[in-house]
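Reading through the structure tokens given below for one structure.
FYI, it's all coordinate maths here, none of it is from the lab. This is a predicted model, so every value here is computed, not measured. Here Cβ is always computed from backbone atoms with ideal geometry, including for glycine, and neighbour counts include all displayed protein chains.
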């Protein structure tokens, strides 16, 4: 008999499940649980793909961990799953915040000004893949920092292990001992990526580590040291406009066949 998994639906997803807030599913892993949920409530196909993964524009938290940070782990049995839209902090039907390059440049100038005014002299900038690639490069230019690197944050959960163990999947990292480091991402949404990056970079014994993101969501678990603005809207950055277009096209097609 499979273990029971509690699935919580937030915001507009409740409407797609007939007003249900919470469902208990018998399943051995979180993807299987979401597939069973989708079969039960067909309207949730807009949020869950045919493999049990969240579609673009939606998030899944497994026992408090963003599913995007989870590696495959046979034998791990989750207790609680939370399914929510990216813009769950806003009102139902809220228009996304579409950011242009001018807004990006203004945000970079604001953050760079804050860093300069705080007298934080950066030796190394580390961007978090994928969203932090462009902001990290722009901040490096604005602050005249030549050492810029990128990391990918992952979580590994072993068989029978209740807590996630983080590691860095890196392209290359320089010597960080005794240096001032700035970790950069585009937005602090759940805040988990920043939290993990901070923990991991501190293992390299830098002198100091600070964080920066263009935007912050009000529900984040990690407020960065520097940011340009706070918003509860679903943000569309100029480097992900095609992904956004694909999502909108899919949603419109799904509604037509609902």
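Taken along the Cα-to-beta-carbon direction at a fixed 7 Å, the label points for residue 130 and residue 245 span 1.6 nm.
Using Cα centres only, tell me the gap between segment 1-31 and segment 202-240 in whole Å. So the separation of the two Cα centres works out to 30 Å. Ordered by the count of other Cβ atoms within 10 Å of each Cβ, fewest first, 234, 30 give 234, 30.
With a ≥ b ≥ c the root eigenvalues of the C-alpha gyration tensor of segment 98-240, is it rounded (a/c under 1.5), prolate (a/b larger than b/c) or oblate? Oblate shape, in that a/c is at least 1.5 and b/c is the bigger or equal ratio.
Taking label points 7 Å from Cα along the Cα-to-Cβ direction, residue 137 and residue 180 give a separation of 2.5 nm.
You can think of it this way: the chain between residue 55 and residue 119 has 18.9 nm of extra reach, that is 0.36 nm per residue less the Cα-Cα gap.
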